[in-house]
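I have placed the structure first, in the form of structure tokens, so that the comments after it can refer back to it.
The values are calculated or read from the model by the stated rules, or taken from the named source; none is laboratory data. Everything numeric here is computed off the predicted structure, so don't read it as measured data. So basically every Cβ, Gly included, is an ideal-geometry build from the backbone, and we count neighbours across all protein chains shown. For accessibility, only protein heavy atoms count, side chains too; no ligands or nucleic acids. Shrake-Rupley method; radii C 1.70, N 1.55, O 1.52, S 1.80 Å.
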Amino acid sequence: MASHRKEKIDAQIQRELSLIIRQKTKDKRLHNNTLSITGVKATPDLKVATVYISVLGSEEDAQGVMEALKKAKGFLRSSLGKIMKTHMIPELHFKRDESVAYGMHIDAILNELHQQESEKA
């Protein structure tokens with residue numbers, strides 16, 4: 001499969017899953033938190049897609065979101081199947097993406113250092 005086609009499919013899965021989670025899921029854990037799909041990487045044969053999830057909030061909230069997504073995996077895949085025009089709808093694997101939280105942590109450290117420098121001057 002050409003890489004640009006796979007990239008388009010990854011982007012479509014990301015877009016559609018975001019909409020499905022926001023509009024069609026009933027689990028409150030998926031609506032009360034700041035949940036974001038940061039990326040999707042499907043295998044070339046489209047049998048499996050790893051969906052990277054970022055959750056802003058406590059560790060407890062993030063674990064609840066991951067459990068809810070794992071529980072809703074079948075519903076999400078079947079909903080994707082009704083929308084997407086591909087021959088195969090991949091099995092969904094959800095993985096936490098810590099990069100957003102890590103970036104916020106680094107930003108806070110830099111702001112603190114900048115503030116200390118300002119106080120010294």
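Would you confirm whether or not region 82-96 contains a residue that is at pLDDT 85 or above, open to solvent by less than 60 Å² (accessible area, probe 1.4 Å) and in a helix (DSSP H, G or I)? Within region 82-96, one or more residues are at pLDDT 85 or above, open to solvent by less than 60 Å² (accessible area, probe 1.4 Å) and in a helix (DSSP H, G or I). The single condition among (1) surrounded by fewer than 15 Cβ atoms within 10 Å (Cβ to Cβ); (2) in a loop (DSSP other than H, G, I, E, B); (3) modelled with pLDDT of 90 or more that Lys70 does not meet is (2). Only one residue in Val51, Val65, Val40 is in contact with a strand residue (DSSP E or B) (Cβ under 7 Å, 6 or more places away or on another chain), farther than 15 Å from Gln14 by Cβ and among the β-branched types (Val, Ile, Thr), so which one is that? Of the residues listed, the single one that is in contact with a strand residue (DSSP E or B) (Cβ under 7 Å, 6 or more places away or on another chain), farther than 15 Å from Gln14 by Cβ and among the β-branched types (Val, Ile, Thr) is Val65. When Val51, Val65 are screened for being at pLDDT 95 or above and surrounded by 14 or more Cβ atoms within 10 Å (Cβ to Cβ), only Val51 passes. On the stretch given as region 1-42, residues that are in a helix (DSSP H, G or I) and either at pLDDT 90 or above or over 12 Å from the mean Cα position of the chain (by Cα) (or both) total 24.
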